[in-house]
Amino acid sequence: MASLYSISQWAFSGHLVILALTVLVGLAVRQISRMYTLGDLVGPPASSWLFGHEFELQESLVGTRYNEWAKEYGPTYKTKGPLGISYLMVGDPRGASHILNSRNYIRPREDAISLEQFFGRGLFSVEGDKHRKQRGIVNPAFTSPTVREVSHVIFDLALDLKNSLSDELDSEENQHGKILEISSKIPRVTLDAISMTAFAYDVGNSNQSIPNLIAKISDVPQTT
């Protein structure tokens, strides 16, 4: 009995080893194939195979390197990620439209999970038929006549923000230069735009916090 137990245990361990090797080989093949994907497409050389362009992007202002590379290599080019993985960068409107309207392109699972944690299983995170169904529900709110009807609200808010920043720059204490803090202003303008266009509710003159304003907006009765 002991020998039979030893044989069965050895066989089970052998199956685990084979399974682990199969998984490792599959991951290695996938990694190698991703390294040589887009081989004929131009792009900036990476200073590191291990990290790709990650450090270069983190050390530069947001978006600046992508714009510089687009000027040098064209609107469609490739960059490198960790371990030599190639990323396709599409700045061409027709190419972006093709990707967004095709069923052949989906978000990586990890990105979908991150979006779902922030926005729930809604328009920003779902894919396929669920996304098309939800997009069909909201499409009437984004037709050209509807957008034109509320565009003056967006323009007015943008002008108010521009004037506010100009006043800060023109103040005496800024004569020698100053870095403006706008991280708190942009969400506030965004909330103003949503509340005024979707709920006909102006929160622009309120000093309450954004969570309190959202709670107040949610209690506004629907207008006819």
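Values in this text are rule-based calculations from the coordinates and carry no lab data. Note that the structure is a prediction, hence the values are computed from the model and not measured. Positions of Cβ are generated from backbone atoms using ideal geometry, with glycine treated the same way; all protein chains shown enter the neighbour counts.
Points to keep in mind about this one:
- Zone of GLN58's modelled label, taken as backbone nitrogen in segment 74-112 under 13 Å from a point 7 Å along Cα→Cβ: 82
- Overall Cα dimensions of segment 69-165 - principal axes, largest extent first, Å: 47, 37, 27
- Working ranking of peptides 106-113, 186-193 by packing, defined as the average number of other Cβ atoms within 10 Å per residue, highest first, is 186-193, 106-113.
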